[in-house]
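Enquirer: This is the structure I want to talk about, given as structure tokens.
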Amino acid sequence: MPTNTCDKMYENLCLCIETHQKILRFIKELETTMSYVVITQFGCSVIVVCVALFQATYGTDFTGVLKCAVFLPLPGGQVYMYCWAAHNITEQAQEVALSAYSCSWLEASARFKRSLRILISRAQKPLVLTAGHLYSINREVFVSLVNASYSYYALLGHMKKH
């Protein structure tokens, strides 16, 4: 491979490494800043969805029922945005190592291969955002939070009947 092409590939790789390092720093800062906010948001949203669903189901005032039914998607949407964004970040982080490996590194210089190995080894570490440093945030968590809201709603409904 011509030297000019190798140098250009190495420059592009260095740019990718710098970008990956910035993303890692950003995720660490985001995790530190938002982790407890997210778990609070999740907990409050589960309770709010449960209560709103209960009022929409068992309320006698039509206006109140309508308000609860219209309000119901808002907390779910907020939680879904967190889960969707965190899930996408995790998926894209997993693609970095594969993308780096898929480049035309066979004919590259030893310096390029060494840097590529470092990037791939660092990129293989899972990049996961958590809520309260307790559990990871992803689409499966969204489904479990919806299930928890419904379970609490069912419990309230059972208590109302007895």
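The values are calculated or read from the model by the stated rules, or taken from the named source; none is laboratory data. Quick caveat: nothing in here was measured; it's all calculated off a predicted structure. FYI the Cβ positions are ideal-geometry reconstructions off the backbone, even for glycines, and counts take in every protein chain you see. Remember, those area values only see protein heavy atoms, side chains included, never the ligands or the DNA or RNA. Shrake-Rupley method; radii C 1.70, N 1.55, O 1.52, S 1.80 Å.
Enquirer: Any idea what angle helix 3-58 forms with the longest principal axis of the chain, computed on alpha-carbon atoms, 0 to 90 degrees, nearest 10?
Expert: It is inclined by approximately 10 degrees.
Enquirer: Moving on. If you average 1/r across every pair of different Cα atoms in the chain and take the reciprocal, what Kirkwood value do you get, in Å?
Expert: It is 19.0 Å.
Enquirer: Of the heavy-atom accessible surface of the chain (probe 1.4 angstrom), what whole percent is carbon and sulfur?
Expert: 64
Enquirer: To the nearest 10 degrees, how steeply does helix 139-161 sit against the main Cα axis of the chain, on a 0 to 90 scale?
Expert: 10
Enquirer: Follow-up. Any idea what the dipole of the chain comes to, in debye rounded to 20, about its Cα centre with Lys/Arg Cβ at +1 and Asp/Glu Cβ at -1?
Expert: So the magnitude is around 260 debye.
Enquirer: Could you list which residues have their amide H under 5 Å from that of residue 135, counting only those 5 or more apart in sequence or on another chain, with H placed in the peptide plane?
Expert: Amide H neighbours of residue 135: none.
Enquirer: Now, a different point. Which aspartates and glutamates does residue 28 reach when only Cα atoms under 18 Å apart count, and residues fewer than 8 places away in its own chain are ignored?
Expert: Output for residue 28: 18, 91.
Enquirer: Additional query: Would you work out which of 83, 60, 27 lies farthest towards the positive end of the dipole of segment 17-162? Charges go on Cβ: Lys and Arg +1, Asp and Glu -1.
Expert: 27
Enquirer: Something else: Calculated FRET efficiency, residue 91 and residue 111, Cβ-Cβ r, R0 25 Å, to nearest 0.05?
Expert: Taking R0 as 25 Å, the efficiency between residue 91 and residue 111 is 0.25.
Enquirer: On to the next question. Report the label-to-label distance for residue 99 and residue 161 in nanometres (one decimal), using points 7 Å from each Cα along the Cα→Cβ vector.
Expert: 5.2
Enquirer: While we're on this one: What is the helix-to-structure angle for 73-101, meaning the angle in degrees between its Cα long axis and the longest Cα principal axis of the chain, kept from 0 to 90 and rounded to the nearest 10?
Expert: Approximately 20 degrees, to the nearest 10.
Enquirer: Further question on the same structure: Over the C-alpha atoms of segment 67-117, what are the Rg and the largest Cα-to-Cα span, Dmax, in Å?
Expert: Cα radius of gyration and Dmax of segment 67-117 are 20.6, 65 Å respectively.
Enquirer: If you average the alpha carbon positions of segment 138-162 and of segment 1-68, how far apart do those two centres end up, in angstrom?
Expert: Each part's Cα centre sits 23 Å from the other's.
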